[in-house]
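Quick notes on the structure that follows.
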Amino acid sequence: MAQTDTSQQTLITDLGIGESPRWHDGRLWFSNWGKQEIIAIDPAGNSEVMVQLPFKSFPFSIDWLPDGRLLIVSTSDTPLLVQEVDGSLKPYADLSGLDIKGWNELVVDPRGNAYINSGNSNPMAGEEYTPGFIALVAPDGTSRRVADNIAFPNGMAVTPDNKTLIIAESYAKQLTAFDIKENGDLTNRRVWAKLGENDNPDGICIDTEGAVWYASVPGKHCVRLREGGEALQTVDLEFGCFACILGDAANQKLFIMAAEWKSMGNVANTLPAGRVVAMPAPAPGAGKP
């Protein structure tokens, strides 16, 4: 039976929309949409702006290459940037041939393959809906589509054995899995878990027991699932949950990016009061991100 955890701690408030959380080098990192910031918070609650983007972008997502450099995918004129050792931001790959309107999420696997996805339309802004896709940017900088017809792609995660990529299909109300081939291609598409009729998954992460946590904005909760859809735990908040990530064994917590959500028009005019909420987790994070 699903359990509900109520031991919640608010780590930071007054954000725009916190998104794309990552546990990296003992700290929680995340994108602060609307303020063009990448923020890191240590276990003591101290926060630091790590990157101030030189352009406006909504959304943008982050992850790290195996060599430690930070990748940033965005809807800007330079959609995939890498932060070099000296802190400078430089183009990482040319994505102009992939025919997109804007990028959403990013995850990098241990081989250095960067998977990025695009909704390819924004129905919330009045555009006609078209399915999205997943693209692969290989370590040599080449890029290609590796999965199509994704019903509004959102969070992605790679299992610890680097054999499976799981993606949240928000409009399909499900988590979908692919096998990862040696060359980075995605095959054997299947439903990993079907969710409730009124639940749209957003950001996701994997734990060491093989369960997946997903965040839901309309559901105002995060849910821990087994493959097949059995709910193991539910965390309810008073705000929409955009994404979540798990700490390591020394910091075994679930971190949730939460904000009040009304509409895209509301965000364009007034940023919501975003926050980061943390609570104990039954297992630490695993895989990527």
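The values are calculated or read from the model by the stated rules, or taken from the named source; none is laboratory data. If you're wondering where the values come from, they're calculated on a predicted model, not measured in any experiment. Neighbour counts run over all protein chains shown; Cβ positions are idealised from the backbone, glycine included.
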*Go through segment 85-102 and count every residue that is surrounded by 16 or more Cβ atoms within 10 Å (Cβ to Cβ) and among the β-branched types (Val, Ile, Thr).*
1
*Determine whether segment 26-36 contains at least one residue that is under 28 Å from Gln233 (Cα atoms), of a type outside the set (Lys, Arg), surrounded by fewer than 21 Cβ atoms within 10 Å (Cβ to Cβ) and in contact with an Asp or Glu (Cβ under 9 Å, 6 or more places away or on another chain).*
yes
_Complete set of residues in segment 59-101 that are at positive phi and either of a type in the set (Ser, Thr, Tyr) or modelled with pLDDT under 95 (or both)_ = Gly87, Asp99
_Of all residues being part of a strand (DSSP E or B) and among the polar types (S, T, N, Q) in segment 128-163, which is surrounded by the fewest Cβ atoms within 10 Å (Cβ to Cβ)? Just the residue, please._
Asn149
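Would you check if Ile17 is in contact (Cβ under 8 Å) with a residue 40 or more places away in the chain, within 18 Å of Gly102 (Cα to Cα) and hydrophobic (A, V, I, L, M, F, W, C)?
So Ile17 passes the test.
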*Any residue in segment 183-205 that is at pLDDT 95 or above, hydroxyl-bearing (Ser, Thr, Tyr) and not in a strand (DSSP E or B)?*
no
*Could you list, in sequence order, all residues of segment 213-255 that are free of Cβ contacts under 8 Å to residues at least 24 places away in the same chain and not in a loop (DSSP other than H, G, I, E, B)?*
His221
*asked:* Quick check on segment 8-15. Is at least one of its residues within 25 Å of Gly141 (Cα to Cα), among the hydroxyl-bearing types (Ser, Thr, Tyr) and surrounded by fewer than 19 Cβ atoms within 10 Å (Cβ to Cβ)?
replied: no
*If you go through segment 178-202, how many residues are surrounded by fewer than 19 Cβ atoms within 10 Å (Cβ to Cβ) and either within 20 Å of Asn104 (Cβ to Cβ) or β-branched (Val, Ile, Thr) (or both)?*
4
*asked:* Tell me the residue from Val51, Val82, Val73 that is in a strand (DSSP E or B) and surrounded by fewer than 19 Cβ atoms within 10 Å (Cβ to Cβ), please.
replied: Val82
*Which one of the conditions (1) in a strand (DSSP E or B); (2) under 15 Å from the mean Cα position of the chain (by Cα) does Phe178 fail to meet, given that it meets all the rest?*
(2)
*Out of Glu230, Glu260, which single residue is over 16 Å from the mean Cα position of the chain (by Cα), of a type outside the set (A, V, I, L, M, F, W, C), over 26 Å from Pro43 (Cβ atoms) and at pLDDT 95 or above?*
Glu230
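Any residue in segment 83-101 that is of a type in the set (Lys, Arg) and closer than 21 Å to Gly155 by Cα? Working first, answer last.
In the first step, residues of segment 83-101 are kept if they are of a type in the set (Lys, Arg); the result is 90, 101.
After this cut, where a residue has to be closer than 21 Å to Gly155 by Cα as well, the list is 101.
Within segment 83-101, one or more residues are of a type in the set (Lys, Arg) and closer than 21 Å to Gly155 by Cα.
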_Checklist (1) at pLDDT below 80; (2) surrounded by 18 or more Cβ atoms within 10 Å (Cβ to Cβ); (3) in contact with a Ser or Thr (Cβ under 8 Å, 6 or more places away or on another chain) applied to Leu106, failing item_ = (1)
_Yes or no: segment 185-206 includes at least one residue that is more than 30 Å from Lys90 (Cα to Cα) and acidic (Asp, Glu)._
yes
*Scan segment 54-68 residue by residue and report those that are assigned to a strand (DSSP E or B) and either in contact with a Gly (Cβ under 6 Å, 6 or more places away or on another chain) or under 18 Å from Phe242 (Cβ atoms) (or both).*
Phe60, Ser61, Ile62, Asp63
